[in-house]
Amino acid sequence: MSDRAEIRTAGLIERLTLGKQTEELIPKRHGVSDALIMLLPPEEDHDPAMARILSDPVTMSCLEFMMYPDGYSSDDVAARRQSRYERQLRKQVVDYTVVVKKSLVPEHIVDQIDDDEYLPPKRVLIDGGHIDVDEPFIVVGCCGLLNLDAYNRSASAGIILDARFWRTGISSAALYYSLKFGFNDLKLHRIGIETTEKNAGMRGWTENVLGVHVERIRKEALYLGNGKFVDSWDYAIFDYQWNGRAEARLRSKLRMIG
């Protein structure tokens, strides 16, 4: 075997090994408990809140390509949750519901929340243990890792957050823990973030907090319906950027919020 062939073979074996390791690390049910938020595996009692969030025109104003003309019904959300769970079992996603304990809801939002939006305390089972939500809590969105590719050690990250909770630090916290799990636990090399030109908040957060710049703009890549399309603005952060500066910058931002 030539030296070049040996190098190619060695590289393929390494990628296969790393891919196998990454795939084995992808959980069936994962969660995070933090001083500001909790990330929980999606469950049936989250569905009504997620239907409201996904149907809210303000929350979804920069995610028009995901909207249904008549909003999301409970059945739509249940089907979405089940589909994503099946994809997680196939090692393709890591899916979270973002929740906030009642005592941690920012004061300026409290009056905007109805009492029936709070869910009762519960024990949530996750791989290898559980998370105790020890007081009433509210579902404020969803986040996680999508398009997991163990062989190439890549994924994309995304979040949808109830508009009432924008500019509270919750989005930063949720994305921090999603990225941290991807890079630190799954040993990913690349995590993409896809958004639109209209979503100035996400673009600014990605550029100013993570310190990465737009990788490409895919013209008219996202369909809005009625013959209308919108461009996709694609970003990516790599493990060496995360370990070099981005994680520390984001952690510092969360300390300031806390």
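Among the residues of region 235-248, is any over 26 Å from L186 (Cα atoms), in contact (Cβ under 8 Å) with a residue 60 or more places away in the chain and crowded, with 17+ Cβ neighbours inside 10 Å? No - not one qualifying residue is present in region 235-248. For R216, the conditions (1) modelled with pLDDT of 90 or more; (2) crowded, with 16+ Cβ neighbours inside 10 Å all hold with the exception of (2). Of all the numbered requirements in (1) surrounded by 16 or more Cβ atoms within 10 Å (Cβ to Cβ); (2) in contact (Cβ under 8 Å) with a residue 40 or more places away in the chain; (3) within 15 Å of V140 (Cα to Cα), D45 misses one, and that requirement is (1).
From the list L222, L179, which one is in contact with a strand residue (DSSP E or B) (Cβ under 7 Å, 6 or more places away or on another chain), in a strand (DSSP E or B) and either within 25 Å of E24 (Cβ to Cβ) or not basic (K, R) (or both)?
On the way: L179 fails: in a strand (DSSP E or B).
Every option except L222 fails the conditions.
In this structure, V94 qualifies as at pLDDT 95 or above and either among the basic types (K, R) or closer than 22 Å to Y177 by Cβ (or both).
Is it true that V133 is exposed (fewer than 15 other Cβ atoms within 10 Å of the Cβ), over 26 Å from K91 (Cβ atoms) and either in contact with a strand residue (DSSP E or B) (Cβ under 9 Å, 6 or more places away or on another chain) or without any contact (Cβ under 8 Å) to a residue 12 or more places away in the chain (or both)? Give the derivation first.
Working: exposed (fewer than 15 other Cβ atoms within 10 Å of the Cβ): no; over 26 Å from K91 (Cβ atoms): yes; either in contact with a strand residue (DSSP E or B) (Cβ under 9 Å, 6 or more places away or on another chain) or without any contact (Cβ under 8 Å) to a residue 12 or more places away in the chain (or both): yes.
No; evaluated as a whole, the condition is false for this residue.
Picking from residues in region 149-174 that are without any contact (Cβ under 8 Å) to a residue 40 or more places away in the chain and outside any strand (DSSP E or B), the one that is nearest to A248 (Cα to Cα) is S171.
Looking only at region 111-130, count every residue that is under 21 Å from the mean Cα position of the chain (by Cα), assigned to a loop (DSSP other than H, G, I, E, B) and free of Cβ contacts under 8 Å to residues at least 24 places away in the same chain and tell me the total. Quick ask: steps written out before the conclusion?
Initially, region 111-130 is screened for residues under 21 Å from the mean Cα position of the chain (by Cα), giving 124-127, 130.
Now drop any that are not assigned to a loop (DSSP other than H, G, I, E, B), which leaves 127.
Cutting the leftovers down to free of Cβ contacts under 8 Å to residues at least 24 places away in the same chain gives us none.
Residues in region 111-130 being under 21 Å from the mean Cα position of the chain (by Cα), assigned to a loop (DSSP other than H, G, I, E, B) and free of Cβ contacts under 8 Å to residues at least 24 places away in the same chain: 0 in total.
Taken over region 81-110, the residue count meeting the criterion of being in a helix (DSSP H, G or I) and without any contact (Cβ under 8 Å) to a residue 12 or more places away in the chain is 7.
Only one of D162, D111, D127, D185 is surrounded by 19 or more Cβ atoms within 10 Å (Cβ to Cβ) and charged (D, E, K, R). Can you tell me which? Before you say what the answer is, go through the steps one by one.
Details: D111 fails: surrounded by 19 or more Cβ atoms within 10 Å (Cβ to Cβ); D127 fails: surrounded by 19 or more Cβ atoms within 10 Å (Cβ to Cβ); D185 fails: surrounded by 19 or more Cβ atoms within 10 Å (Cβ to Cβ).
Going through D162, D111, D127, D185 in turn, the sole match is D162.
The values are calculated or read from the model by the stated rules, or taken from the named source; none is laboratory data. Remember, it's a predicted structure, so these values are computed and weren't measured experimentally. We place every Cβ from the backbone using ideal geometry, glycine too, and count neighbours over all the protein chains shown.
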